[in-house]
1. Based on a Kirkwood Rh over C-alpha pairs, give the Stokes-Einstein translational diffusion coefficient of the range 36-192 at 25 °C and viscosity 0.890 mPa s in µm²/s.
2. Take the eigenvalues of the Cα gyration tensor for the range 102-217, scale each by 5, and report the square roots as semi-axes in whole Å, largest first.
3. Say R0 is 25 Å: what FRET efficiency, to the nearest 0.05, do Thr110 and Ala183 get from their beta-carbon distance?
4. Enumerate the residues in the range 176-193 having an amide nitrogen under 18 Å from the point lying 7 Å beyond the Cα of Met129 toward its Cβ.
5. What distance in nm lies between label points placed 7 Å from Cα along the C-beta direction at Ala209 and Ala136?
6. Within the accessible area of the range 71-215, what % is carbon and sulfur when the probe is 1.4 Å and the other protein chains stay in place?
7. Which FRET efficiency value, to the nearest 0.05, do you get for Ala119 and Asn194 by plugging their Cβ-Cβ distance into 1/(1 + (r/R0)^6) with R0 = 25 Å?
8. Provide the FRET efficiency to the nearest 0.05 for the Ser70-Leu97 pair, computing r from the beta carbons and using R0 = 25 Å.
Amino acid sequence: MKRVIVSSAVVLMAATGASMAADLPQSDPIYTAPPAPAEVMSGNPWEGAYAGVAIGGIWSETDSNVGASSVDGDGMSLGGYAGYNMVYDHVVFGPELLANYNTINDKSSTTRFESNWDAELRARAGYDMGFFMPYAAVGVGFQDGELTDRATDANDDNVHTFVGLTGGVEAMVTENVSMRAEAGYRWSDEKTYNLGGTSSKTDIDGTVAKVGLSYHF
């Protein structure tokens, strides 16, 4: 009999607890918003138009056949450039135009050589490694030159045509800004400088090395 009474009491308590729980107010489920998707950069960071500035050095040598001794034409080079990149798979290629102001003013025992500007149009191609790109470029350009006979002060000026070959690396530092470093060599044609009673056929082959900062539109 005691077992029956105890069992009945347990059943009655359980039923009463369930009834009271059912009568309590039910709270709405808490909604948790899904995490926002990570921002993904659209397109290729190298593709499209760009422009930049560059600074470096230029090391030229005037090779004269007669009438004037050779002179090293070394100086600083400061300029700007603009271009357009196209992308095919991992290959980045396109045209680039450069214009520079040079501070070349050197002399030998008999002559002085000066050069103030150069401009170049080149084709550039690189390999897209994400935010890093090695590249090479070949171009055709023009560079001014002035040769002076130091004994008589007679001088003449010309504009030389050159072919340039350049190699470099470029890296994206932000979504729209990249930095580059490059070095190359130029092969110039010969021009005749008339220095009073003498003349000299002279070229201005040389090396160029620069660092640059680009903005990609």
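1. For these conditions, the coefficient is 140 µm²/s.
2. 37, 13, 10
3. With a Förster radius of 25 Å, E is 0.20.
4. Label zone hits: 178-183.
5. 2.0
6. 62
7. Values: r = 25 Å, r/R0 = 0.99.
Rounded to the nearest 0.05, the efficiency is 0.50.
8. Numbers: r = 31 Å, r/R0 = 1.24.
Given R0 = 25 Å and the Cβ-Cβ separation, E is 0.20.
The values are calculated or read from the model by the stated rules, or taken from the named source; none is laboratory data. Remember, it's a predicted structure, so these values are computed and weren't measured experimentally. We place every Cβ from the backbone using ideal geometry, glycine too, and count neighbours over all the protein chains shown. Heads up: the accessible areas ignore ligands, DNA and RNA and are worked out on the full protein's heavy atoms, side chains in. Shrake-Rupley method; radii C 1.70, N 1.55, O 1.52, S 1.80 Å.
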